[in-house]
Amino acid sequence: MPAARVLIDGPNELVFDYAIPEGMDARPGCRVKIPLRNRASTGTILALAKEQASEFELREVLELIDPDPLITPKLMQMGHWMADYYGAPMELVMRALLPEAVRQENHSEKTRKMVHLLETPDEEAMTKLSKRASRQHLILTLLQAAGGKMPLSDLGAGASASIKAVAKHGWVEIKDEPVRRDPDAGEAFLEDSPLSLNSEQQGAIEQVFKEIETPDKPMLLHGVTGSGKTEIYLQAAQRCLDAGKSVLVLLPEIALAPQTVQRFKSRFASIQDQVAVMHSNLSQGERFDEWHRIRNGEAKIVIGARSAVFAPLTNLGIIIVDEEHENSYKQDTSPRYHGRDLAVLRAHIENSAILLGSATPSLESFHNTETGKYQLLKLEQRADGQSMPIIRIVDMKIEGRKYKGAGPAILSDPLRANMEKKLAEGEQVILFLNRRGFARSLQCPACGLVIECRHCSIPLTYHKSEERLICHICGHQAITPRKCPECHDPGIRFQGYGTEQVEGVLQKVFPTAKLARIDTDTMRRKHALRDTLKAFRQRKIDIIIGTQMIAKGLHFPNVTLVGVLNADLGLHVPDFRAGERTFQLLTQVAGRAGRGELEGEVIVQTYTPHSPSIQFARHHDFGGYADQELEFRRQFGYPPYTHCAVIGTRSTHQRRAEFTLQNIHQRLKKDLPQGMVLGEPLPSPLVRAHGQFRYQLMLLGSSARQLSRHISNILNQTPPPDDVTLVFDMDAMGF
Ligand code: ADP
Ligand code: ZN
């Protein structure tokens with residue numbers, strides 16, 4: 001008898017095999033009823049086994065809940081590709097394909113009782129009612145006014161006897177009706193109309209229309225910040241809807257891009273029932289409803305983060321991946337897929353157009369336009385006719401020496417003077433610093449000790465408002481010591497600074513300015529970010545100081561100055577993409593300035609003013625930057641010229657993590673295929689996190705397929721000891 005591997009509903013995510021009874025058409029992706037201990041439970045079939053694998057008698061599947069799998073055949077095809085390419089077990093792939101909210105029965109449809117008016121008594125009867133049973137009369141009148149139906153709860157708690165009475169007469173009926181849990185309920189979106197495109201945009205959209213008609217090659221839309229890429233997305237989406245096709249829009253970290261979602265919701269306000277959103281801020285119930293609205297064809301536009309690449313749309317016209325260079329498209333647990341890469345694959349499988357957009361394309365995508373695999377669409381001008389902001393570099397080696405105050409040099413003279421000027425003119429300022437908290441670390445000047453996390457190999461960050469040292473990796477908290485725990489020197493000092501300290505400095509320097517700080521510490525409350533941005537737009541705030549939460553996609557016409565406090569933060573990390581990231585971040589942050597009628601200015605504070613990523617960003621020179629960076633990647637055989645895989649081991653026992661990886665290294669080395677380069681097993685840059693020691697090695701290979709197959713083979717032959725976890729990250733983005 002064939003068997004089914006079933007993922008059982010419930011918090012424990014148990015997986016058991018069950019026999020499939022004769023004649024039951026059970027397929028992967030179908031939900032089933034199964035026996036669990038001595039009661040019936042529900043679950044989802046992950047995979048089928050041809051022969052009954054175990055010698056034990058398997059218990060049988062009781063009932064098939066879905067006659068058809070919840071996953072479309074095309075998505076299933078993508079799932080198999082993922083399992084193969086990312087070396088992930090099919091079980092984990094299925095979990096990614098089908099969100100928990102959809103698999104688990106308890107989130108199922110929410111219903112409410114509705115009272116329907118079946119017939120109204122004639123006038124005479126109504127008059128009688130109004131005298132003898134005024135409540136019944138009122139109910140009927142209310143229903144009439146409401147157009148024939150209303151929720152039972154709206155008729156008031158004390159009305160049940162009267163409702164029973166009018167129901168008995170056959171005038172009304174009570175029915176259960178599904179209610180949609182709408183994540184944006186209570187928000188009004190004003191409809192806006194398409195803009196008439198400028199000639200650059202016109203050129204791009206014509207190509208996009210052609211691709212929607214007959215998909216041929218992926219498109220990379222490289223448009224400077226403010227060039228009107230979003231308008232292209234909107235008009236492309238409209239074209240698909242007109243042709244009866246559906247649209248998938250992926251955004252990185254959607255909670256950080258409320259403006260883009262809003263623009264889609266506004267443009268399609270008249271058909272808002274056809275727009276669905278999928279992101280991590282949804283409740284399970286909202287997620288369930290949105291998923292089913294997509295599956296049953298009600299929603300034709302889906303806007304979502306990485307995992308929305310699995311949205312069960314059919315008849316796709318276009319997939320749009322905004323900010324395609326963003327690292328947050330990479331999933332950091334197995335299956336470690338890249339949302340953008342899966343989007344390209346899905347477009348191929350579904351025969352749909354695919355449009356990747358960015359002001360700072362990833363070198364992978366840009367390289368693909370050079371080899372002719374992708375086509376390049378360019379927008380070089382800002383859509384509102386504004387010039388690109390002027391970027392000035394401030395050398396903090398010199399500025400820092402001038403600085404006489406207590407604590408670190410945070411605001412250079414040029415930045416401070418410029419802020420004064422802009423604020424005096426009633427304009428707004430954004431300051432960017434990619435580190436939250438007050439001070440980066442606590443260090444003893446006598447013995448040099450830096451206070452580190454007990455579970456991770458990084459310094460603890462001081463948070464003033466909590467008066468605590470907090471680990472930014474695992475969240476561990478510690479009391480701030482008054483003297484060095486090692487040598488007892490009382491001179492222990494804070495080093496470096498974060499957004500919290502900047503906020504304090506700004507309060508002193510600009511006492512009358514209204515400030516807001518945007519980082520994960522201040523934005524914990526649901527809608528906190530949305531509300532703060534709204535206040536900023538209404539000019540109730542003068543200065544925003546924020547982390548990468550404010551780096552992208554925000555559009556404020558009155559912001560004329562953007563300050564980057566420490567451009568070097570991302571540069572000195574052991575990762576060949578460090579320069580690429582710094583260039584992207586600076587360009588994106590700078591793009592927040594001068595987005596209206598006023599000209600924009602950017603001041604970048606740095607200790608390495610001559611580093612190429614800073615210089616090319618300063619000159620808005622993506623081409624120059626890409627040329628030199630690609631040359632560097634080519635010389636060293638790094639992506640995009642190869643694929644890069646990272647194998648890691650993690651364990652609470654340092655030696656075992658290290659030894660297991662050395663063992664794998666030996667095996668990989670023994671029969672290393674041609675065209676692959678094997679790195680040494682080394683401690684990870686973050687050698688300890690969450691109490692686990694981490695070791696890793698890098699493998700480069702010119703053929704992705706060959707690389708991932710080879711690694712999967714070796715890993716399958718080398719199962720790790722129980723207390724060591726293996727990580728296999730194909731096309732790794734971080735180290
Ligand atoms: P990007 O997404 O490339 O950063 P946006 O789509 O945010 O750029 O466009 C920047 C601004 O220009 C927005 O305010 C947008 O409404 C405006 N805009 C875009 N296209 C046009 C156009 N064709 N005519 C006038 N304004 C436009
Ligand atoms: Zn920690």
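Coordinate-derived values only; no laboratory data. The shown structure was predicted, so the numbers you read here are calculated from the model rather than taken from an experiment. We place every Cβ from the backbone using ideal geometry, glycine too, and count neighbours over all the protein chains shown.
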Given H placed on each backbone N at 1.01 Å, which residues far from THR560 in sequence or on other chains put an amide H within less than 5 Å of it? GLN428, GLY594
Put +1 on the Cβ of every Lys and Arg and -1 on every Asp and Glu Cβ in the range 153-310; which of ALA165, LEU248, SER199 then has its Cα farthest towards the positive end of the dipole? ALA165
DSSP-loop GluC sites (Glu not before Pro) across the range 521-602, with at most 15 other Cβ within 10 angstrom: GLU597, GLU599
Scan around HIS325 for amide H atoms under 5 Å from its own, H built in the peptide plane at 1.01 Å from N, and keep only partners 5 or more places away or cross-chain. SER362
Using θ = phi - 60° and the Karplus form 6.51 cos²θ - 1.76 cosθ + 1.60, what ³J(HN,Hα) does each residue of the range 603-612 get, whole Hz, x for Gly and Pro? 10, 10, 8, 8, 8, 10, x, 9, 5, x
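On average, how much area does the Cα convex hull of the chain cover when viewed from any direction, in nm²? The partial results should precede the final answer.
On the way: hull surface 164.4 nm².
Here the figure is 41.1 nm², rounded to one decimal.
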Search the structure for amide H atoms under 5 Å from the amide H of LEU118, placed 1.01 Å from N in the peptide plane, and list their residues when 5 or more places away or on another chain. VAL172, GLU173
Computed over the range 301-410, the convex hull of the Cα set has an average projected area, in nm², of 12.2
Within the range 326-423, trypsin sites (Lys or Arg not before Pro) in DSSP loop having at most 14 other beta-carbon neighbours inside 10 Å: LYS373, LYS404
Which of the lysines could be linked to LYS33 by a straight reach, that is with a Cα gap under 23 Å, when you skip same-chain ones fewer than 8 residues away? LYS50, LYS110
So which trypsin sites (Lys or Arg not before Pro) in the range 532-617 pass both tests, a DSSP loop state and at most 13 other Cβ atoms within 10 Å of the Cβ? ARG539, LYS540
Across 5 Å bins from 0, what is the distribution of all Cα-Cα pair distances for the range 677-735, in whole percents? 4, 14, 25, 27, 19, 9, 2, 0
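Can you compute the charge dipole magnitude of the range 483-529 about its Cα centre, using +1 on each Lys and Arg Cβ and -1 on each Asp and Glu Cβ, nothing else charged? Give it in debye, rounded to the nearest 20.
320
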Cβ-defined net charge surrounding TYR695, 9 Å radius [Lys, Arg +1; Asp, Glu -1]: +1
Share of antiparallel DSSP beta bridges in the chain, in percent to the nearest 5? 55
Once the in-chain neighbours fewer than 8 apart are removed, the aspartates and glutamates whose Cα is under 18 Å from LYS464 read GLU452, GLU500, GLU503, ASP519, ASP521
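Which of the peptides 283-291, 680-688, 121-129 is most tightly packed, and how do the rest follow, judged by the mean count of other Cβ atoms within 10 Å per residue? Working shown, then result.
Values: 283-291: 21.1, 680-688: 16.8, 121-129: 12.9.
Ranked by mean Cβ neighbours within 10 Å, highest first: 283-291, 680-688, 121-129.
Take the Cα radius of gyration of the range 280-361 and divide it by 2.2 N^0.38 Å, with N its residue count; two decimals is plenty.
Numbers: Rg = 13.1 Å, N = 82, 2.2 N^0.38 = 11.7 Å.
The reported ratio for this selection is 1.11.
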Farthest toward positive dipole pole in the chain [+1 Lys/Arg, -1 Asp/Glu at C-beta], among LEU140, CYS487, PHE310: CYS487
Coarse-grained scattering of the range 351-392 at q = 0.14, 0.29 Å⁻¹, given as base-10 log I(q)/I(0) from a Debye sum over alpha-carbon atoms: -0.47, -1.08
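Net charge near GLN654, counting Lys/Arg +1 and Asp/Glu -1 over other residues with Cβ under 14 Å of its Cβ?
Working: positive: ARG650, ARG655, ARG656, ARG688, ARG694; negative: GLU658, ASP723.
Once positives and negatives cancel, what remains is +3.
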Take the alpha carbon atoms of the range 209-244, find their center, do the same for the range 711-735, and report the distance between the two centers in whole angstrom. 39
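Taking the Cα centre of the chain as origin and charging only Cβ (+1 Lys, Arg; -1 Asp, Glu), how large is the dipole, in debye to the nearest 20?
Details: 90 positive and 88 negative charges, 380 e Å.
I would put it at about 1820 debye.
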Nearby aspartates and glutamates by direct alpha-carbon distance to LYS670 (threshold 15 angstrom, same-chain neighbours under 8 apart not counted): GLU680
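Among rounded, prolate and oblate, which fits the range 619-658 when a ≥ b ≥ c are the square roots of the eigenvalues of its C-alpha gyration tensor, a/c under 1.5 means rounded, and a/b larger than b/c means prolate?
Details: a/c = 4.81, a/b = 2.90, b/c = 1.66.
Prolate is the answer for the range 619-658, as a/c is 1.5 or above and a/b outweighs b/c.
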For the chain, which cysteines have no disulfide-compatible partner, meaning no other cysteine Cβ under 4.7 Å? CYS30, CYS240, CYS474, CYS644
Residue farthest toward the positive end of the dipole of the chain, with Cβ of Lys/Arg at +1 and Asp/Glu at -1: which of GLN635, GLN235, ILE470? ILE470
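Going through the cross-link list LYS245/LYS330; LYS378/LYS421; LYS402/LYS514, which pairs have a Cα-Cα distance over 30 Å in this structure? Spell out each step's value before the answer.
Working: LYS245/LYS330 27 Å; LYS378/LYS421 35 Å; LYS402/LYS514 28 Å.
Where the Cα-Cα span goes over 30 Å, the pairs concerned are LYS378/LYS421.
Over the range 249-315, what is the mean sequence separation of C-alpha contacts under 8 Å (at least six apart), divided by residue count, expressed as relative contact order in percent? Walk me through the numbers on the way to the answer.
Numbers: 82 pairs, mean separation 28.6, N = 67.
Over the range 249-315, the number comes to 43 percent.
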Report Rg (one decimal) and Dmax (nearest whole number) for the range 218-286, counting Cα atoms only, units Å. 13.1, 39
The range 1-43 versus the range 492-553: alpha-carbon centroid distance in Å: 50
